[in-house]
């Protein structure tokens, strides 16, 4: 086969580096945007953080001397004053954390009569316990890991004995390998031996599968008890925690996620005021020092000396990159405000009081057509973004819902269907829960044309189990 060369003319569409940078910035929520800007300041030497003038943020007001002569009218505390330095920056309060669950367990092991070898093995076992308080690995695998990492030869039987020591620690149920063992360990901590507790222990120990599958009729028959006795035993089981790790709360504040809204929406007398939450987002500018350095390297006739050519090229590339970045930040601001304002206009009635029944059917395409932006751009804007309103913080993605048509031809939001579905399930007879097919018939009778698989999908989205698992006595 001969090797030859030929020219081919083709047309391709590629995103420029500036467009890629803009897309990535558009996806970032406020917290990550702050980190991204600080990263860019560290990487680009010509970028610097612009100091905010606190006096410029609030317009000066005329103060009469009479205000200081009337002591009775002077408040003891003012919520907004200007007695802070220009160097002060808005910072969030950092919540300090205490001991972790593993540290708490190791501390308790120190009070037990264990040898050095047993203590090292027990500490390794504690390190294998997850945040829920469970040991989800088999002891044989743990023994192999100990041999490789710690250098101690052990057996699953020895680890079983040490795990028994861990089971006696607090919180009750920690170190369990499954739900059944966890609940039984917690029941074992209750020394009072009443009939409901003895019955609860028997249910968990001998009939756990029937209990999980809610085969209550079988349990009543096999235990030969009345419904009242069974309800009392179930009441004791409901007092137990399926996740013993959650019973230990010290040190959990530093890992508790909290939401910082990207938009702030104020409403006064039905008039909305929308703004971006940029309290901690630094403002950047191009350093004058490098601009003056660039001017100094240029001769009066506009030429660059050969010795300075490389330095000029470097500074020019950094300034261009800084301009692109600042332009992308500004474009992100405009796109976010444009999209959020359109969503606000579209869902005006909902944002007045937060009544979800007033949500109109809305998909990404609706907002894209009104803003003139692409659907993918709208998707990036609403993804992982939140808005703070007078009735709470709202996830933007939750405002989008599909439209469903009633028998009268009216379009309603899927949220309305979900609310009706939840009401039907809340009002059902728990002894005979409604199946998905029955729920479909009830919604169809109310004029909502919906299929059984759609009922199942909405039920799962609401976190409601199937009819068999909703059964109660």
Can you sort 325, 391, 211 by how many other beta carbons sit within 10 Å, fewest first? 391, 211, 325
For region 348-473, alpha-carbon Rg over 2.2 N^0.38 Å: 1.22
Please compute the length gained on full extension between residue 12 and residue 205, using 0.36 nm multiplied by the number of residues separating them and subtracting their Cα-Cα distance. 62.7 nm
Rg and Dmax of region 417-467, Cα atoms only, in Å: 9.8, 28
Kindly state, to the nearest 0.05, the FRET efficiency for residue 221 paired with residue 423, given R0 = 41 Å and r defined as their beta-carbon distance. 0.75
Quickly work out the residue 472-to-residue 441 label distance, labels modelled 7 Å from Cα along the C-beta direction, and quote it in nm with one decimal. 2.5 nm
When all C-alpha to C-alpha distances in region 237-382 are sorted into bins of 10 Å, what percent of pairs does each bin hold, rounded to whole numbers? 8, 21, 20, 18, 18, 9, 4, 1, 0
Scattering from the C-alpha atoms of region 101-247 alone, worked out with Debye: what is log10 I(q)/I(0) at q = 0.16, 0.22 1/Å? -0.86, -1.28
For residue 130 and residue 116, extending 7 Å from Cα along the Cα-Cβ vector and measuring point to point gives, in nm, a value of 3.5 nm
So how do 164-175, 366-377 stack up, highest first, on mean other-Cβ count within 10 Å? 164-175, 366-377
Normalised contact order of region 101-247, rounded percent, pairs of Cα under 8 Å and 6 or more residues apart: 26 percent
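Throughout, read-outs are computed from the coordinates displayed, never taken from laboratory work. As the structure is a computational prediction, the values presented were derived from the model and not from experiment. Ideal geometry is used to build each Cβ from the backbone, glycine not excepted, and the neighbour counts take in all protein chains shown.
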